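Working notes, beginning with the structure itself.
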Amino acid sequence: MRRDQPTFGRWQAFELDATGQRQLYIPTGFAHGYQALTDGCEVTYLMGAPYEPTLARGVRWDDPALALPWPVRPVRPEWLSPRD
């Protein structure tokens, strides 16, 4: 989300599961998105400051400049949150 940084427009993908017991740290200023691969998934956020909706920014899940390879295709509209 930081246009002035050399990592702007770059991405990485990780698969997390219940057996691996891994967490993912996403630093301030980085965008994130996820797709649940099984039913019953739980996602928990730990934020460094109280959520402030007016500061939220985003990227379209299907932005052609990023060409993200979502694991489950096609992405169906009912899977997207209203903000997406």
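Values computed for the structure shown
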| quantity | calculated |
| --- | --- |
| The stretch 1-50-the stretch 55-70 distance, computed between alpha-carbon centres (Å) | 13 |
| Accessible area (Å², per residue) of the chain, counting only protein heavy atoms and a probe of 1.4 Å | 96 |
| Sites L55 and W11, calculated FRET efficiency, Cβ-Cβ separation with R0 22 Å, nearest 0.05 | 0.55 |
| Paramagnetic reach from L46 (point 7 Å along Cα→Cβ, amide N under 16 Å) across the stretch 4-37 | 21-28 |
| Carbon + sulfur, % of accessible area of the chain - ligands and nucleic acids excluded, 1.4 Å | 54 |
| Values of log10 I(q)/I(0), in the order q = 0.14, 0.32 Å⁻¹, for the stretch 35-84 under a Debye, Cα-only, solvent-free model | -0.53, -1.29 |
| Kirkwood Rh in Å, taken over all unlike Cα pairs in the chain | 15.1 |
| Estimated dipole of the chain in Debye, rounded to 20 [Cβ of Lys and Arg +1, of Asp and Glu -1, Cα centre] | 320 |
| Label point distance in nm, T19-R76, each placed 7 Å from Cα along Cα→Cβ | 2.6 |
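The values are calculated or read from the model by the stated rules, or taken from the named source; none is laboratory data. Note that the structure is predicted; figures quoted are calculated from it, not measured. Reconstructed Cβ throughout: ideal geometry from the backbone, glycine too, with neighbour counts over all protein chains shown. Protein only, heavy atoms only, side chains kept; ligands, DNA and RNA dropped before computing areas. Shrake-Rupley method; radii C 1.70, N 1.55, O 1.52, S 1.80 Å.
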